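Since the structure comes first, as structure tokens, the remarks are kept for the end.
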Amino acid sequence: MYNVFAEIKERVSMQEAARFYGLQTDRRGMACCPFHNEKTPSLKVYDDHFYCFGCGATGDCTGFVAKLFGISQYGRQKVLM
Ligand SMILES: [Zn+2]
């Protein structure tokens, strides 16, 4: 079965995904978290995942996109249908 999340994971790094969706990371890889309101960056973007020190949001690049659009990875069948 075609798995769009696996495909994204193979092609896109966490940093690329973050940048693509408008996150401005500074030199340390910190960005303002899109999942809670903040003025100082507390979301750290790693090579393959992210973690927010403010609200505890975490995941890989597909989890990031899923969270951003309010869809669960576990509900992807419904989403894709
Ligand atoms: Zn946060």
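Every number in this text was worked out from the coordinates using simple rules, so none of it is lab data. If you're wondering where the values come from, they're calculated on a predicted model, not measured in any experiment.
Proximity of backbone amide H atoms, modeled 1.01 Å from N, is registered between Cys33 and Ser42, Leu43 at under 5 Å, excluding neighbours fewer than 5 places apart on the same chain. Computed from phi, the 3J(HN,Hα) profile of segment 56-61 under the Karplus parametrisation 6.51, -1.76, 1.60 (θ = phi - 60°) reads x, 5, 8, x, 8, 5 Hz, with x in place of Gly and Pro.
Stretching Glu10 away from Tyr51 to a fully extended chain increases their span by 12.8 nm, per 0.36 nm per residue minus the current alpha-carbon distance.
Scattering from segment 4-80 was approximated by placing one identical point on each alpha carbon and applying the Debye formula without solvent; log10 I(q)/I(0) at 0.16, 0.17, 0.22, 0.27 1/Å stands at -0.54, -0.60, -0.97, -1.34. Each residue of segment 48-55 was assigned a 3J(HN,Hα) from its phi angle through the Karplus expression (A = 6.51, B = -1.76, C = 1.60, θ = phi - 60°), giving 10, 7, 10, 8, 9, 6, x, 10 Hz with x at Gly and Pro. Remark: segment 29-38, residue by residue, has Karplus-estimated 3J(HN,Hα) of x, 8, 9, 6, 5, x, 9, 8, 7, 7 Hz, where x stands for each Gly or Pro and the curve is 6.51 cos²θ - 1.76 cosθ + 1.60 at θ = phi - 60°.
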